Each structure stands twice: as structure tokens, then as C-alpha cells.
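Report on the structure given below.
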DNA sequence: CTAAACGTTGACGCCGCGTCAATGTCAAGG
DNA sequence: CCTTGACATTGACGCGGCGTCAACGTTTAG
């Protein structure tokens, strides 16, 4: 059976333009081209088209579909990769949704979109250099924008949470608690949650989280807040233990 | 304070190319342009840029950002619209993720990507015309592709579920149950879930669900399966009751 | 005086087609 | 035979948000 381009379009739900495009990029060639230039498709072509459209609905790009249909037999792997990227996209959307909701609440509350004063007592630019070296300029700038977009109340809460975590760590150290005790793990969980907020919902990988602990030990300013080198080491170990168990 | 384009780029995390683009489209003009053509930005421009970048991180398009910053005072509304569309995107991703997972399982199980036989006993093309009239050609074609991508086991389960729902409806009718009884609502919930599967995870709106019930009454073939007009009417009422209570 | 760093404008590329535009072909009816 | 209307072709632009050359001028440090 041989069908015209419109027939195929109707049967498959694609448009004739799409079919010509697929021909142009070599994804789906007509089974025959008439002397008048008309494209004709047979059943095999129709089956292939259906497969293409099915994969397209899954969100794959046309080159990826071409590879997959070429049948390099690592087909499932290609889909796995695609799946990972779909999940990343979803996470990104989740974070955007949360941020937009927060922004709407702020604007409804009459807040400015972004504080113009660059400094407000809490020097969030303190670790600018480290952040830029580790995560890049844009990462710092992005975090800075986020911070300046918060309401005064939100900023206050963020700082409170930090102080609270810090105080509890110090108390645990004074009490001689183990970094693997439930008590300390609970503090570290709050520490972790605090960090996630500051990262606008992006979750550090276990390695990243442990790496931040190492930073605490290496940097005096961090250590000073946590009672010297021992304190910083304790916190790092607690973070490593938490990462091992819960991340 | 006046800064060069690179200074602004570094401070904001944007690239100079981006700044020139924003200039081109009128989203952010330099505060001054030197006789040599160089762009210079003052603090006001920097603040505006930060706001632009903040909104961009929320996923807004540049024209939407321009409108929003023009301050038509329905700012929050624009964000609400954006939020709705973000949620739609997220739903779409959720469905794609589920479909890709299922497809991977099928391929790992050695199944073909898509059955070539167009008919297999269960005539899923039965309601083709109605579907195309109500939801468009592409909607039918898409459902058809989905159906042919299922494994035999999955197809069998889908039919089983339908039969089971049907049998339970008939029993409930025979027992004289009320369409608002818990018993019937439970059946309708299964009916609804069955439908959602067939729609590949897309959830019908309450109106759509009730509309399908009306179709049951209007179409003899549906009615025949549910014991005549009365049966179809019962099912429609049950669907309406369910929609009212649970959707 | 030179090299490096920084600046400019202009144009193409990406992705997957939608949407003209300009023109040719075919089947059915008068 | 001619017309009409449906259907076909190729070719090109457009979208979004810049990245990335290219080709060239300017400023700054040594």
C-alpha cells in the first residue's frame, strides 16, 4: 500500500510539513518519489513514523531518535540518559515554582522586588571569593540576587536558623556528644536543611556536602565561629557522618 | 559610579553579550554611551539588571520581564500566569518521566518498541470518530500510538480493568445502589483511574469527566455495554457525583 | 612602540517545525 | 477543453536567548 503525504499525515497525526522536515534531515525518507516530485510512503515508512512520533512524545530530540532507531542496541541506555535529564528538568521546575510562589507572596505583601541596599548588617559577601572559586561567578551572583530578593523577615529567619544550629553544635561539643549520635545527626539535618534553603532548593550531592565540611576546617573564619579547629573538625565529621547515613 | 560593560558583567554574573542583547531589545539601556561607542552603566542600571536576572531565573521570558518592570501594577498577576504554566510544564514532565520509565522496562524485557499489527482483537479504533471530533485527530493518533506501544500483558490488564469496572457497575445497578453511595463512588474511582491510565496520566477536568458520562448516554454502543439507557444514565450520574465530590 | 585586554557592530547557529509565498499537478465537473 | 479546488513542491523567514565567530577599533600597562 502506498499513500500520499496527506494520507500519512492524517493517519499519524503529524503534519505534511513535519514529514517534509523529516525527509530533509534524513530521519524518514519517502519510500518513493514520483516523477512529479510527490512523496509516497509505504507501510514500513508508516511504522517507522509511528515510532518516531512515539519517541518524540517522550521528549527525545530528533537526532536522538535517529540514533535510537538506527538500533545501536544500547537503546535503553539512551533512554536512561534522557530520563536523567528529564528528572533534572523536573527538579529545576520544582525550584522555580517554589521561588515564583514566594515572590508572589512577597509582592502581594507589598515588598519590593529586591532590596537596593547592598549591605544590611549581615555580610553575605563574606565568602564571595571562595564561592566564586568553587562554584563560579554566576553561582555567587545568583545567590546574591536570591538573598537580596528576600524580605527582612526571611533574612532574619535565615540568620536565626544559622545561629540556632551553631549554638546547638557548640552545646553538643561541650557535652562531649559523638558525631554519630542521634542528637548530633538531628542538628546536622537542620544544618543541611538550612543550606538547602540557601541554595534555593538545589540539594548538594553527598560529596559537595562533605566538601563544605572540609572548607570549615580549612578556613579560620569558619572555625572561629565553631570554637576553633576542634569545633570545625567536629562539625565536618558530623557532616560526613550525616552524608554517609542520609544522603 | 559608572562602570564598563565587563565590570557589570562580573558584578552581575551575566555576560557582556547578554548586556548588549538587552540593549538591542530595549530591556536595559546603558546609562551613557561614550564617543567611542563604549557602553557605561550606573547603579540604577545595575539594580535594574539584577531585577531582570532574578526574574529570568524564575523562568520568565524577556518580554514578560519588560512588562513586569514597566510596572503595570498587575505584576503579581503576570507571575500567577507564569506559575500556572510552570505547573503545566511540570505535569507534562511527570507524564514523560513515567512513560520513559515504562518504555525502558519494556525494552529491557525484550519487547518491541511498538506492535506492528494494527488489530488484536480489541478494537481500540472503535470510537475513533468521536475522539477525533471531540479532541482532534492528533489526540486520537497519540492514543493509538500509546496503545500499540503497550506490551500484551499491559493491554490485557487494561481490558481486564475495564471489564471489572463494568461488571461492578452492573452489580451495583442490580442491587439498586445509589449513585452517591460509598460503594458506587469506589467503583467510579476505579473507573476514573482506568481513564487516567488511558489518557497517559493526563487528568480530565471535572467538566471533561462529566462530559464523557454524557457521551455514554448519547451513544448506544456505550449503553449496550451497561445494560441499556438506564445503565448508561446510572453510570453518567455516578460520574457526575464523583466529579462533584472528588475532582 | 607593542602586546594584551577590552570594546564595537554584524551575522550565523541552535531546535523543530509553523507559516507564508510562489508555483506546479491532479481529479472532478461543466 | 477549461475551470475550480484540493493537493503537491521548494525556498525562506521566524521564534528565544543568547553563544560564538569574524573583522576591526580603543585603551592600558610595560
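Just so it is clear, none of the values below were taken in a lab; they were calculated from the coordinates. Keep in mind the model is a prediction, meaning the values are calculated, not measured. Here Cβ is always computed from backbone atoms with ideal geometry, including for glycine, and neighbour counts include all displayed protein chains.
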Relative contact order [Cα under 8 Å, 6+ residues apart], region A:102-247, whole percent: 20 percent
Quarter of Cα convex hull surface for chain A, i.e. mean projection, nm²: 20.3 nm²
Teacher prompt: residue B:31 distances to equivalent labels in other copies, 7 Å Cα→Cβ, nm: 6.9
For residue B:80, label point 7 Å along C-beta direction: distances to other copies, nm: 4.6
Cα long-axis angle, helix A:137-148 against chain A (0 to 90 degrees, to the nearest 10): 70 degrees
Taking A:135, A:85, A:147 and counting other C-beta atoms within 10 Å, the order from fewest to most: A:85, A:135, A:147
Tilt relative to chain A, helix A:206-218 - C-alpha long axis, 0 to 90 degrees, to 10: 30 degrees
Mean-position separation - Cα centroids, region A:25-57 and region B:153-180, in angstrom: 41 Å
Euclidean distance between Cα centres, region B:90-104 to region B:208-247, Å: 30 Å
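Rank these for me by crowding, A:212, B:107, A:239, going from fewest to most other beta carbons within 10 Å. Present the calculation step by step, with values, prior to reporting the outcome.
Working: A:212 18, B:107 15, A:239 24.
Ranking A:212, B:107, A:239 by Cβ neighbours within 10 Å, fewest first, gives B:107, A:212, A:239.
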Under the Debye formula (equal points on every Cα, no solvent term), log10 I(q)/I(0) of the protein assembly as shown at q = 0.07, 0.09, 0.12 Å⁻¹: -0.62, -0.93, -1.18
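Evaluate 2.2 N^0.38 Å with N set to the residue count of region A:3-70, then give the Cα radius of gyration divided by it.
Values: Rg = 11.4 Å, N = 68, 2.2 N^0.38 = 10.9 Å.
Against the empirical 2.2 N^0.38 Å value, I get 1.04 for region A:3-70.
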Per-residue Cβ neighbour rank within 10 angstrom, fewest leading, A:205, B:103, B:18: A:205, B:18, B:103
Position residue A:56, label points 7 Å along Cα→Cβ, spacing to each other copy in nm (shortest first, one decimal): 3.1
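Shielding by partners for A:136-148, please: the mean number of other protein chain Cβ atoms within 10 Å of each residue's Cβ.
Taking all residues of A:136-148 together, the mean is 4.
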Neighbouring partner chain Cβ atoms per residue of A:92-98, average, 10 Å criterion: 5
Shielding score for A:56-63, defined as the mean number of other chain Cβ atoms within 10 Å: 3
